[in-house]
2 protein chains.
Amino acid sequence: MKVEIWSEITCPWCGLGSHRLDKAIDLFEHRDEVELVHRSFPLTADVPGEGVATVRQALKRVHGLSDERLEEGPRRVEALAAKEGLAPYHVLENMVGNTWRAHEFLAHASAQGKNRAAWDRVFRAYYGERRSVFTVEALVELAPELGLDPVRTRQVLTDGRFRQQVRDEGLQARRLGATGAPFLLIDGRHAIPGAQDTAALLQALRQVWNEAHSPLSPADTEAEVCGPDGCAVPATRPVGV
Amino acid sequence: MKVEIWSEITCPWCGLGSHRLDKAIDLFEHRDEVELVHRSFPLTADVPGEGVATVRQALKRVHGLSDERLEEGPRRVEALAAKEGLAPYHVLENMVGNTWRAHEFLAHASAQGKNRAAWDRVFRAYYGERRSVFTVEALVELAPELGLDPVRTRQVLTDGRFRQQVRDEGLQARRLGATGAPFLLIDGRHAIPGAQDTAALLQALRQVWNEAHSPLSPADTEAEVCGPDGCAVPATRPVGV
């Protein structure tokens, strides 16, 4: 069973959503038959270059919220994350910026067979360690522990060879009906928008599994067959002819 | 949606089952998205060479039935076929024999992109026209109207290059749980044994289609997402930073 999850790295519901999906798969009876694939849902195309801002600054500028009001959302995600065993998970006191290079880094790592490890590492670097994921330098630093060659990693981030793939993954999500991240797809058909909680995700995994594995109950159970020992009309096996 | 049907040519429930499946697909709303593939379920491995017998002879020898009793089964299929628009459909007054060459012929035609046309033609030749499908000569005669080169067709029937494929198809059906023919598989998962009637097949097609296309209803419909215009916690798109 294939489970695909589209995420934007700086979307706090995506980091938490990925954690919830991991937990749901861990709890799933058929977890050994689940193939998890992370995909890019870039949402920061128009954020200029490597410029970064604090989440506080961003919320203030975009939404014009008061200091008190703007803390509510981020604190809510942080509290949920802590409650669900994902800590530290820094949202309010974090930086935001253009994530295109990070998505290219993740596409490069995926091409080297490190899809899940790289996404986990980048989420942890960003939310757990408050590290930048916005510059070539910051991303190349993550390469060695993923078994990626730093020189080659710097090269692909500079020449942009995964840019089109990142773009295509985002377009694919939109074609599938996604309007935001995270967005999940089970077995290429069952779409689940947003960061559903672990129980809902587990239920979805079970539902799709059961649908795929439940035999049909044909209406006419008296259907006739021919077998090696003859048919209802034994036209086959005229032994001794 | 892929629909596979395994058949033995001389199994009268298979010829009728194929007709029913065609009708069910014709009635199916999403017929344009159905890929139908016929496969071999050889059941006459131990019928010697090209020796043929009449169905009457075969039934008498195998089952020791009286003339009157032995007519019941074949007449029943013939009556059903006529009632369902498949006529002529000769069962009782037909010949049976070893079908291995016919299956090899069908595998050869399938490799040339003529899977459906060839199965339809062979069923029609056998049940509709009471032609032999048991000799190389008889099969080569069918080649031209299917767009198959007669010389090449004779060659592959002589050198047995599709013998293993025919064997494998039969084994595949048994591995899927088939104990007789016909045997259907929808989308690689939903098995339907025997010659179900058209209504039951149509219902099965609809059921599998609906399962595959019904969106999940996640338990938590309040799931949070980040979009191009921000998140529940708008950490992305710090416009103007």
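The values are calculated or read from the model by the stated rules, or taken from the named source; none is laboratory data. All values derive from a computational prediction rather than experimental measurement. Please note: Cβ atoms are built from the backbone with ideal geometry, for glycine as well, and neighbour counts cover all protein chains shown. Each accessible area value is taken on the protein alone, full model and side chains, heavy atoms only, with ligands, DNA and RNA left out. Shrake-Rupley method; radii C 1.70, N 1.55, O 1.52, S 1.80 Å.
List of remarks:
- Rounded to 10°, Cα long-axis angle of helix B:100-111 versus longest principal axis of chain B: 40
- For segment B:148-187, with +1 on Lys and Arg beta carbons and -1 on Asp and Glu, the positive-most of B:Ala173, B:Val151, B:Leu185 along the dipole: B:Val151
- Candidates B:Gly97, B:Gly230, B:Gly180, ranked by Gaussian network fluctuation over chain B, Cα under 10 Å, top entry: B:Gly230
- For segment A:34-157, accessible area per residue (1.4 Å probe, heavy atoms of protein chains only), Å²: 44
- Peptide B:200-213 has a mean shielding of 3, counted as Cβ atoms of other protein chains within 10 Å of each residue's Cβ.
- Positive-end ranking of B:Met95, B:Gln112, B:Leu142 along the dipole of segment B:54-151, with charges on Cβ about the Cα centre, is headed by B:Met95.
- Helix B:12-27 vs. chain B, principal-axis angle (Cα, 0 to 90°, nearest 10): 30
- Antiparallel DSSP beta bridges within the protein assembly as shown, as percent of all bridges there, nearest 5: 70
- Counting only protein chain heavy atoms and rolling a 1.4 Å probe, the accessible areas of B:Asp187, B:Asp149 rank, largest first, as B:Asp149, B:Asp187.
- Placing +1 on the Cβ of every Lys and Arg and -1 on the Cβ of every Asp and Glu, with nothing else charged, gives segment A:66-143 a dipole about its Cα centre of roughly 340 debye.
- Pairs beyond 24 Å (Cα-Cα), from A:Lys23/A:Lys114; B:Lys2/B:Lys23; B:Lys60/B:Lys83; A:Lys2/B:Lys2: B:Lys60/B:Lys83
- Shape analysis of chain A places it in the prolate category; the axes a ≥ b ≥ c from the Cα gyration tensor give an a/c of at least 1.5, with a/b above b/c.
- Among A:Ser132, B:Ser7, the sequence by solvent-accessible area, most first, with a 1.4 Å probe is A:Ser132, B:Ser7.
- Simple label model, 7 Å out from Cα along Cβ direction - A:Arg206 to A:Arg116, nm: 2.2
- Simple Cβ-charge dipole of chain B, Lys/Arg +1 and Asp/Glu -1, about Cα centre, in debye nearest 20: 800
- Counting from the shortest, the label point at B:Arg124, 7 Å from Cα toward Cβ, is 6.5 nm from the same position in each remaining copy.
- If R0 equals 45 Å, the separation of the Cβ atoms of B:Thr158 and A:Ala45 corresponds to a calculated FRET efficiency of about 0.10.
- Nearest-to-axis residue in chain A, judged by Cβ distance to the rotation axis that brings A onto B and given in whole Å, is A:Glu211, 3.
- Relative contact order computed over chain A (Cα-Cα under 8 Å; 6+ residues apart), in percent: 27
- Each copy carries a label point for B:Gln112 at 7 Å from Cα toward Cβ; from one copy, the others' points are 5.1 nm away, ordered from shortest.
- Packing, as the average of other Cβ atoms within 10 Å across residues, places the peptides A:16-23, B:141-148 in the order A:16-23, B:141-148, highest first.
- By definition, a body whose alpha carbon gyration tensor gives a ≥ b ≥ c is prolate when a/c is 1.5 or more and a/b is larger than b/c, and segment A:146-227 fits this prolate description.
- Using heavy atoms of the protein chains and a probe of 1.4 Å, the accessible area assigned to B:Val52 is about 60 Å².
- Selection from B:Val77, B:Met1, B:Leu21, by position along the positive dipole direction of segment B:1-84 (Cβ): B:Val77
- Inter-copy label distances at A:Glu33, using a point 7 Å along Cα-to-Cβ, come to 2.4 nm with the shortest given first.
- Legend: calculated FRET efficiency, B:Ala79 to A:Asp32, from the Cβ-Cβ distance at R0 = 45 Å, rounded to 0.05, equals 0.30.
- In terms of its C-alpha gyration tensor, the protein assembly as shown has a prolate overall shape, because the principal axis ratio a/c (a ≥ b ≥ c, square roots of the eigenvalues) is not below 1.5 and a/b outweighs b/c.
- Charge dipole (debye, nearest 20) of the protein assembly as shown; +1 at Cβ of Lys and Arg, -1 at Cβ of Asp and Glu: 700
- Loop-resident sites, segment A:62-115, for GluC sites (Glu not before Pro), counting at most 14 other Cβ within 10 Å (DSSP): A:Glu93
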